[in-house]
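For reference, the structure is listed below as structure tokens.
The values are calculated or read from the model by the stated rules, or taken from the named source; none is laboratory data. Keep in mind that this is a model prediction, so the values were computed, not measured. Cβ sites come from the backbone with ideal geometry, for glycine too, and all protein chains shown count toward neighbours. Heads up: the accessible areas ignore ligands, DNA and RNA and are worked out on the full protein's heavy atoms, side chains in. Shrake-Rupley method; radii C 1.70, N 1.55, O 1.52, S 1.80 Å.
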Amino acid sequence: MLRSLLPRAYHRFLSLPVLGPIADGFDDWLATNGYTLSSRKDSIQLLRHIDADLQRHHVKEVAHLTHPVLHDCRRLILKTYPSRTGTVRALERYLITNGLFADGRPATAASPASILIEEYANYLHGVRGLTLPTVSNHRHTAQCFLQHLDGEGIALKDIQADHLESYITKTGQRLSRLTLHHDISALRGFLRFLAIDGRVPHRLASEIDRPRLYRLEQLPRALPWETVRALLRSMDRTSPMGLRDYAMFLLIATYGLRVSEVVAITLDDIRWRQGGLRIQQSKTSSPLELPLTNEVSSAIVKHLKRTPPPSPYRRIFMRMRAPIGMLKPTAIADAFRSLVRKSGLSIPFQNPHCLRHYSESRTIAR
């Protein structure tokens, strides 16, 4: 409650012309999402300056507030209070969460390209059964290809092999050979989809050549098991964040899990009595049953005792800094790079997936 946060000054913020009606709810949202007492006070006190800027934009109430106006306000706050622009972002999250934002944009009909891409995504997921991350990658390739055609003024029915060659040449300037290999595979799939009902000429997909890849042409992205053990031993397990990160990296190293699979583990996936762990594989969307080792079980228990997930969340690994919420896979990559720097070990890889593979076989005792 705002009254308990600022007992002598709360009425000043409740009477703000624009943000006064939502000031109390905003403070409750900050408290619920794990912001400290001092952060809440700083955020509420900054509302006066945000409110004054909104009035200069002729915003009379929250219902008239739009994203562009709030972004302009953030740029102004950045000049005056550069270390407190997070308040504007927090306010934006609060307004979005509670549905208080005006759209601010006129309704427009979806473009033919966006309709086509959505149709293709539904086909990939519903007919071919691809996972959502894979569908997202294919969508991106299809969108880039359609944008290239639009820029060249080429209709789908007029596509020829040299048009595909020009797109691949342009794309190859920004992608590595391996990534270009995957991008062309996705483009082939999109062309096959378009050829189903004759929107592009048949057999067009077979006219594209992919870069040749050779097995073991690159150094293996693997670490010796002793290096993995040394990296895990170097972690600070006295802090809540250290316990969380240790449990995450131990899961990756022990079972070879992907980071997207680790962040998706919930309390319901751990079967304590049976000593099992259920993983929903992100690449195949199929469940995987694994034995719960004593080492992994102990790491998870210590993490949960120190930092249990707040209601209503069931995910085991959550954000440790406000706003509290579900952890993203990119956060594990950032934590891994920070861990490597602090450990002082010579590890050439900057991705936690190198923990999934190691150059020495080992046996895990349960």
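By DSSP, what percent of the beta bridges with both residues in the chain are antiparallel, rounded to the nearest 5?
Restricted to the chain, the bridges split so that about 90 percent are antiparallel.
So for region 31-98, taking the charge dipole from beta-carbon charges (+1 Lys/Arg, -1 Asp/Glu), which of I96, Q45, Q55 sits furthest toward the positive end?
Working it through, the farthest residue towards the positive pole turns out to be Q45.
Report the trypsin sites (Lys or Arg not before Pro) located in region 126-229 that are in a DSSP loop and have at most 16 other Cβ atoms inside 10 Å of their Cβ, or state none. Mind showing how you got there, number by number?
On the way: sites: R128, R139, K157, K170, R174, R177, R188, R192, R199, R203, R212, R215, R221, R229; in loops: R128, R174, R199, R203, R212, R215, R221.
For trypsin sites (Lys or Arg not before Pro) across region 126-229 that sit outside H, G, I, E and B with at most 16 neighbouring Cβ atoms in 10 Å, the list reads R128, R174, R199, R203, R212, R215, R221.
Between D150 and Q173, 0.36 nm times their residue separation minus their Cα-Cα distance comes to what?
Separation in residues times 0.36 nm, less the Cα-Cα distance, equals 6.3 nm.
So how far, in whole Å, is the C-alpha centre of region 5-50 from the one of region 296-351?
What the calculation gives is 30 Å, centre to centre.
Among V135, V262, V69, determine the one that fluctuates most according to a GNM of the chain built with springs between C-alpha atoms less than 10 Å apart.
V69
Please give the per residue accessible area of the chain, computed with a probe of 1.4 Å over protein heavy atoms only, in Å².
On the way: 21220 Å² over 366 residues.
Each residue of the chain exposes 58 Å² on average to a 1.4 Å probe.
When only DSSP loop residues count, what trypsin sites (Lys or Arg not before Pro) in region 251-338 have their Cβ near at most 13 other Cβ atoms within 10 Å? Write out the running numbers ahead of the final one.
Working: sites: R258, R271, R273, R278, K283, K302, K305, R306, R314, R315, R319, R321, R337; in loops: R258, R273, K283, R314, R319, R321.
Passing sites in region 251-338 are R273, K283, R314, R321.
Along the charge dipole of region 221-336, pointing to its positive end and built from +1/-1 on Cβ of Lys, Arg, Asp and Glu, which listed residue (P240, V228, S260) has its Cα farthest out?
The one lying farthest along the dipole's positive direction is P240.
Take L100 and A113, extend 7 Å from each Cα along the Cα→Cβ direction, and tell me the distance between the two endpoints in nm.
Label-label distance for L100 and A113, simple model: 3.7 nm.
Take the alpha carbon gyration tensor of the chain, find the square roots of its eigenvalues, order them as a ≥ b ≥ c, and report rounded if a/c is under 1.5; if not, report prolate when a/b exceeds b/c, else oblate.
Oblate is the answer for the chain, as a/c is 1.5 or above yet b/c matches or exceeds a/b.
Show that you can apply the helix-only estimate: for the chain, add -39,500 (n - 2.57) for every DSSP H stretch of four or more residues, divide by all residues, and state [θ] at 222 nm to the nearest 500.
-16500 deg cm²/dmol
What share of Cα pairs, in percent, lie more than 17 angstrom apart in region 124-249?
Numbers: 5369 of 7875 pairs.
Tail of P(r) above 17 Å: 68 percent of Cα pairs.
Express the carbon and sulfur contribution to the solvent-accessible surface of region 23-80 as a percent, rounded to the nearest whole number, probe 1.4 angstrom.
Numbers: 1580 of 3050 Å².
C and S fraction of accessible area: 52 percent.
Under 23 Å from the Cα of K342, which lysines turn up, not counting those fewer than eight places away in the same chain?
Correct list for K342: K302, K328.
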